[in-house]
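Bear in mind that the values in this text are calculations on the coordinates, not laboratory data. These numbers were taken from a predicted model, which means no experiment stands behind them. Positions of Cβ are generated from backbone atoms using ideal geometry, with glycine treated the same way; all protein chains shown enter the neighbour counts.
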Amino acid sequence: MNKVPKLIFLFNLFLLIAPYGKAQQSPADLVNPFIDTHNSRWFYFNSACRPFGLVNLSPDTDTDATWSSGYLYDSDSIRCFSHVHAWQLAGIAVMPTTGEFKGHLGMDEYRSAFSHETEIAKPGYHKVVLDDYEITAELTSSTRVGFHRYTFPEKKKNSIIFDTGAKLAHGPTVFSKVWKVSDTEIAGVQVLSRTGRRPKDTPVYFVAKLSHPFQSIKGWVNKELLEITPDTIQGENAGAALFFDSNKAEEILMKVGISYVSTEQARKNLETEINHWNFNKVVDESVDTWNDWLGRIKISGGTEKQQIKFYTDLWRALLGRRIISDVDGKYMDMTGDKPQIRTVRLNENGQPLFPHYNFDAWWGSHWSLNILWSMAYPEVMDGFCNTMVDMYQNGGLIPRGPSGGNYTFVMIGDPSVPFFATAYNKGIKNYDVEKAYEGLRKNAFVGGSRDHAGYEHNNPAFGGGMQYYVIQGWIPEGIKAKGGHKDGASMTLEYAYEDWCLGQMALALGKTSDYNLFNERSLNYRNLWNPVTKMIHPREMDGSWMNDFQPVVEGFNARGFCESNSAIYTHFVPQDMGGLIDLFGGKQVYTDFLNKSFEEGEKLDFVGMNKNHASNWIDYGNQPGTGMAHLFNYSGAPWLTQKWVRKVKEAYGDITPYDGYKGDEDQGQMGALGVLMAIGLFEVDGGAAIKPYYEITSPLFDEVTIQLNNDYYPGNKFVIKTTGNKPENIYIQSAKLNGKAMENCWFYHSEFAGGGELDIDLGLEPNKEWGTKEVPPSMKH
C-alpha cells in the first residue's frame, strides 16, 4: 500500500479551501467526499452522482466484496470506474487504457496506479490521472446517465474497456452481453447474481454513446480475446473493448445511460437527460443541483471544520438511497414469481409524480432520516412512501429494504411503520394512505414482514417470532428458523415501538379500536424488564431469564440483541420514556445510570471497539444507540443532553480520510444524525406522535436557516439563532421561540411548520433549571 500521510491530505484540503472566505463558499464547496474513506463500503463513496441518483459513477480501487470495497483511500490503484454503487447492486465497469491491451485478462492486470495529488472529488465531479496510462479521466453525471471525459496521450493505442462480466462487490455476474449499434454506440446488459440478501438475479442494462467513432471492437469470454461476430459478445465471463487509433493527444467523451428495465429505456434515459456533448455544462448543472438541495439548510458561524462536516453529513443524507425508475417512471418489479415492468403514478402531463426507490432497511432511521427529511425534504418522504405502497400492491408486503425491486428482509421488524407514521402525522400524505395503513397493519401480525427474520426469504417465515409476540407479548431466544438476527429482546423492543407508531397513525385515521390494540401492545417492552438486574433481560423459550447475563460483552452482539447489547437496548423505549424511567426508580436514578453509561462510553469514543457493537455502554457507530444522548431531556436533565451531544459531535467531527463516522455510515443515516445534532433539533420518538414535537439542544452554529417546502408547510423558513456561541459555551442558558420565553426543552412541529425563529443563549456553565418545567411528552411521566 502506498499510504498517503494525513499531513499531505490536510495540506491538499487547505489548498482546496484556502482561496475562499467562508461567505464565498457554497454548500457543495464544503462537502468533502474523502471523509473516512480509508475503510469504505461499496455504496459509501460517491462523487459523480446526483441526489439519490440511479447512476453513482466513481472510481473503484477494490471490487471483491460488499465491505472494504469501492473507493478506499489508501489503496494505490484504480481498477475501474463503475456506474452503480448501491445497496446490493453494482454494475457496468469501464476503464480507459493505452498501449498493450490487457482488458480480457481482468482488473488485476489492467488496473492503474494513481495519486491523490492529482485528484479532485466533489459533489457531481471526479478527476483522476491514471498514471500507468497517462490518461486524465473526468467523471460527472445526471440522475441516470454517467458522463466521462478521457484525455488520452499522444502516439498511443487507446481503448475503453467494458468489463461487463466482472465480479463487482456483492457477487459474480452470471451473464453479460454487449453489442455494437454503430461506430459511436454500443449497448448491453449485465446480470447480477442473486445474493443472500437480494434473492433474484437482477439485470442492469446500458447504452453507451461516444463523441468519436471507434475503429474496432473486440470481445472476450473467459479471458479469451475474440472477434465480435456478428457485432455481439456474450457469456458468463464476457466483456468488450473499443479501440481508437490516434497519433495525437485526444479527448473522447462518453455518455452511458443505465436502466433496470431494458436497453431501450437506458437509451431513453440517456437521450432525455443529456442530449448534448458539453461536459462542463453537466458538471455545472450537477453542482447547481447539489447547492439547491444542500442549500435548504444554510448555516453561518462555527469553525470551517464544523461546516465541512455538516455539509458532508447533509450530502450523505441525500445520497445513499437510490432511484431505480427510469425518466418516464418505468421500473422493474421483482417481488413476484416473474419480473414485471411497471410504471409509477403519473401526473396529468404524463410525468412521474415520484421516482421508485431502492434502499437498505429503515432500521434506525427514526433517529436520523425520518426526522431530517420530514423537516427539510418532505417530498422525499412522499416519494419513498409511494415506493413502499407500490411494492405492497405488487408483492403483498410493505418492504423494509428493497433492492432492485426485490424484497430483501434486511435486519429486523418493520421500521417502515415509524417512517409512515412520521410522514402522515407531519402532513406528508401524497400516497394511498388507506392502502399504506392496510399493509402496515398486515406486517404487525403473523405472516407479515415482521415474521421474516433477517434475509429469511422463504414463505411462510417464522424467524421474526410474531406468533410468540402476539400470544405472550415477548419473543424468546432460540427460535428455530432460517434467517439471521433472531434476537428476541431486540425484536420485542422494536416491535413495541413500531406498535406505538402504528397506533399513533391509527388514532390520526380515526381507527380507535386499532389504536387501543397497538397502544397496549406498545407496553410489551415491560415483559423483558428484569426487576433484579434492572435492565432489559432476554428470556428463554420456557420463560426463564437468560443465564450469565451481562450488560456489555465482547463481540458484535450480545445474545438476544441485534448488533448491540442490553446496556444500549435497555434504553430503547422511544414511545414511553416516562414508563421506562419509572421502572428504573425515578428520574434521578435514571439520570445517574445514563450519565455513568456515557462516562464509560466516552473512554472508547462512544463506539464499540473494532466495530464490536456489544463491547461498549454507548455506541454511536450503529443504529440502536443513536438517540441515547437526548434521553436526559426526559429525565429532567436537559443540560446533560447538551453536554453529551456536544461530546459525541466532537468525537465524530473529523474530516480526514481516517475518521469521521467510525464504522458504517449506512446510506445517509449517520450523516442525517450528524446534521440533527449540529443544528440542535431531535425527536426521540422519531416524530411519529400524532402531535409531533422537537427537543432542542445547543447548536454548533451562530445561525441555521431551514427553508420550508410550501407544498407541505405554511411557513417560509425556520431560523435558529445563538448568542454566546463559543467552543466552550455548550450549555443553554435561556431560549425564546418567536419572541416568547421557553420554559421547556421542546416545542411542537406545528410551530416549526409555521415558520419562525428559535433564539438560544449559550454559556459556559449549565443552567440546570432551564427547560425542566415539563419534560417532553410521553405515554407516562
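Observations on the model:
- Loop-resident sites, the stretch 88-158, for trypsin sites (Lys or Arg not before Pro), counting at most 12 other Cβ within 10 Å (DSSP): 155
- For the stretch 70-124 and the stretch 447-480, distance of Cα centres in Å: 42
- Short-range pairs are left out: with C-alpha atoms under 8 Å and at least six residues apart, the relative contact order of the chain is 11 percent.
- Here the Karplus relation 6.51 cos²θ - 1.76 cosθ + 1.60, evaluated at θ = phi - 60°, turns the backbone of the stretch 529-535 into coupling constants of 7, 9, x, 7, 6, 6, 8 Hz, with x for every Gly and Pro.
- Equivalent ellipsoid semi-axes, the chain, via Cα gyration tensor eigenvalues times 5, rooted, Å: 44, 30, 24
- Nearest-ten-degree value, helix 304-317 long axis tilted from longest Cα axis of the chain: 80
- Estimated inter-spin distance, residue 216 and residue 338, nm [label 7 Å along Cα→Cβ]: 4.3
- Taking each residue as 0.36 nm, the span from residue 132 to residue 438 lengthens on full extension beyond its C-alpha to C-alpha distance by 104.4 nm.
- Within the straight-line cut-off of under 23 Å between alpha carbons, the lysines reachable from residue 662 are 3, 6, 122, 305, 309, 596, 603, 611, 643, 647, 649, sequence neighbours fewer than 8 places apart in one chain being disregarded.
- Relative contact order [Cα under 8 Å, 6+ residues apart], the stretch 509-655, whole percent: 19
- Reach of residue 255 by Cα under 17 Å, taken over aspartates and glutamates that are not fewer than 8 positions away in the same chain: 138, 163, 183, 185, 264, 271, 273, 284, 285, 326
- Spatially proximal aspartates and glutamates relative to residue 486 (Cα-Cα < 12 Å; intrachain offsets below 8 disregarded): 451, 456, 477, 563
- Projected label points at residue 182 and residue 530, each 7 Å from Cα along the beta carbon direction, are separated by 7.2 nanometres.
- Taking every alpha-carbon pair in the stretch 203-320 and binning the separations at 5 Å intervals from zero gives 2, 8, 12, 13, 16, 14, 10, 9, 8, 5, 3, 1, 0 percent.
- Seen against the Cα atoms of the chain and their longest principal axis, helix 6-17 is set at about 80 degrees.
- Charge sum, other residues only, whose C-beta stays under 11 Å from residue 243's C-beta, Lys/Arg counted +1 and Asp/Glu -1: +1
- With neighbours defined as other Cβ atoms within 10 Å of a residue's Cβ, the residues 420, 359 order from fewest to most as 359, 420.
- Inter-site label distance for residue 459 and residue 751 at 7 Å from Cα along Cβ, in nm: 4.7
- About the Cα centre, charge dipole magnitude for the chain (Lys/Arg +1, Asp/Glu -1 at Cβ), debye: 640
- Chymotrypsin sites (Phe, Trp or Tyr not before Pro) restricted to DSSP loop in the stretch 251-312 with at most 16 other C-beta within 10 Å: 277
- Adding -39500 (n - 2.57) for every DSSP H run of four residues or longer, then dividing by how many residues the chain holds, sets the calculated 222 nm ellipticity at -8000 deg cm²/dmol.
- Size of electric dipole in the stretch 6-293: Cβ of Lys, Arg +1 and of Asp, Glu -1, about Cα centre, debye, nearest 20: 640
- Each Cα pair under 8 Å and six or more residues apart adds its separation to the average, and for the stretch 295-696 the resulting relative contact order is 18 percent.
- Normalised Debye scattering of the stretch 462-537 at q = 0.12, 0.16, 0.17, 0.19 Å⁻¹ gives log10 I(q)/I(0) of -0.36, -0.60, -0.67, -0.78, counting only Cα atoms as equal scatterers and leaving out solvent.
- Summary of the geometry: the stretch 718-739 and the stretch 209-228, compared by the centres of their Cα atoms, lie 63 Å apart.
- Taken over the alpha carbons of the stretch 295-696 as equal point scatterers, the Debye sum produces base-10 log I(q)/I(0) values at 0.06, 0.08, 0.11 Å⁻¹ of -0.22, -0.39, -0.77.
- Summarising the amide proton neighbourhood of residue 681: residues at separation of 5 or more, or on other chains, whose placed amide H is nearer than 5 Å comprise 697.
- Neighbour-count ranking [beta-carbon atoms within 10 angstrom, fewest first] of 327, 191: 191, 327
- The phi-based Karplus calculation (6.51 cos²θ - 1.76 cosθ + 1.60; θ = phi - 60°) puts the 3J(HN,Hα) values of the stretch 262-270 at 5, 5, 4, 5, 4, 5, 4, 4, 4 Hz, whole numbers, x for Gly and Pro.
- When you filter the trypsin sites (Lys or Arg not before Pro) in the stretch 165-261 for DSSP loop state and at most 10 other Cβ atoms inside 10 Å of their Cβ, you are left with 248.
- Ranking of 491, 541 by neighbouring Cβ atoms within 10 Å, starting from the fewest: 541, 491.
- Proximal charge balance of residue 703 [Cβ under 9 Å; K/R count +1, D/E count -1]: +1
- Alpha carbon centroid spacing (whole Å) that separates the stretch 634-708 from the stretch 298-336: 17
- Exposed GluC sites (Glu not before Pro) absent - longest run of the chain, DSSP non-H/G/I/E/B, at most 14 other C-beta within 10 Å: 349-539
- Relative to the longest principal axis of the Cα atoms of the chain, the long axis of helix 638-651 makes an angle of roughly 20 degrees.
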